[in-house]
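The values are calculated or read from the model by the stated rules, or taken from the named source; none is laboratory data. Since we're looking at a predicted model, the values are computed, not measured. As a convention, Cβ positions derive from the backbone with ideal geometry for all residues, glycine included, and neighbour counts pool all protein chains shown.
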Amino acid sequence: MGKGRSIKHNKWTPHRNEAEEHGVIILKLTASKEFLHGAFLAECPAVPEVEVDVDNDGVLDGAMTLLLNSSADLESLLTWFREVSDIDSKATLAFPATLSKFQRAKIHGLVKSVGLGSLESVSAGIGDDRFISIVHSGSPRANELTSIQQHKSFWIYQWAKNAHMKVSRDEVAEMLLKDALPEDLEQLWVKGSAQQKLIIKLCQAVVEDDAAVFTEIIASDEGLGVVRSGNYDLLTGRGILHCAAREGRLGFVETLIKAGAPVDAPDGHGLTALQVSRQHPEQCEAESVLLRAGACDNAPNEVPCI
């Protein structure tokens, strides 16, 4: 074997602890050994943590640690990665989980502007271990959610957001892929799913004028809780009281109000039951019932038939 050809950098290359103290960003470049041994690595704005010998098999598993001296060099780094990623479309550039929110936003923005459609930023990991990776656009993903997991991921994220829980859509998806959904999110899914089923059944009972099913549901603690929550069908945006007002089911409207349904709760379209009833003048009796129950009247000039 011939003598190895070393890639030299005339840049400050600090030790890891010293790097963190000076604001140096520590990255991980994963690629084929052909990529890592290529002469174009010398053009990389980030510095290998150790001197790289292109004939040295000491580069483990196609991965290399890089040190970026300043976040000011991010644009030039991403420009370099965009140009060389065509050589290895599976190459990834992973940033540390210790980045600030500002730095993360800057990276996402730069990928869009500098990547020119050739790069995309992907978040991975959960909680404090979450990090950003830069990949070639269109790179195959190792794992994909099933249609059932996609459905579950979407609604867990929506309910978590409504509950002001700090979790991203991608984090929920990754938790499901790893079968690592925490107890609080699992309970959120169980409770939310059960509520949605009851809301759908109640709205259907209203539409079909099925007093027996309607009464049976709200007689239960779970059904009464759903009525008092003011929640709505997340797929259609339809609220229970709104549905009763729309259909002109006065008995249901009165029963729901007596059961504690919030008269001014918005549906999925941001409308109150009173506003829904006013969109359908033929249901002016429902409008009168809602007004007598104290519904907030933002259009007092509208005269209901009493």
Restricting to segment 205-243, name every residue that is under 30 Å from the mean Cα position of the chain (by Cα) and of a type in the set (S, T, N, Q).
Ser229, Asn231, Thr236
Tell me, which residue of segment 132-151 that is hydroxyl-bearing (Ser, Thr, Tyr) and at pLDDT below 80 is farthest from Ala94 (Cα to Cα)?
Ser147
Scanning segment 181-211 residue by residue, those over 16 Å from Arg246 (Cβ atoms), out of contact with any helix residue (DSSP H, G or I) (no Cβ under 8 Å at 6 or more places or on another chain) and among the aliphatic types (A, V, I, L, M) turn out to be Val190
When the residues of segment 78-99 are filtered to those that are in a helix (DSSP H, G or I) and touching a Leu at 6+ places or on another chain (Cβ under 6 Å), which remaining residue is surrounded by the most Cβ atoms within 10 Å (Cβ to Cβ)?
Phe81
Segment 173-210: number of residues that are part of a loop (DSSP other than H, G, I, E, B) and either among the acidic types (Asp, Glu) or on the phi > 0 side of the Ramachandran plot (or both)
4
Filter segment 72-127 down to the residues that are under 17 Å from Cys44 (Cβ atoms), among the small types (Gly, Ala, Ser) and in contact (Cβ under 8 Å) with a residue 40 or more places away in the chain and list them by number.
Ser85, Ala91, Ala94
Residues satisfying the stated conditions in segment 22-65, i.e. modelled with pLDDT under 75, in contact with a strand residue (DSSP E or B) (Cβ under 9 Å, 6 or more places away or on another chain) and under 17 Å from Ile134 (Cβ atoms)
none
Where Tyr232 falls short, out of the listed (1) touching a helix residue (DSSP H, G or I) at 6+ places or on another chain (Cβ under 6 Å); (2) crowded, with 19+ Cβ neighbours inside 10 Å:
(1)
Taking interchain pairs and intrachain pairs at least six residues apart, which have beta carbon atoms under 8 angstrom, with the first residue in segment 186-209 and over 17 Å from Gly237 (Cβ atoms) and the second small (Gly, Ala, Ser) and not in a helix (DSSP H, G or I)?
Leu188/Ala163
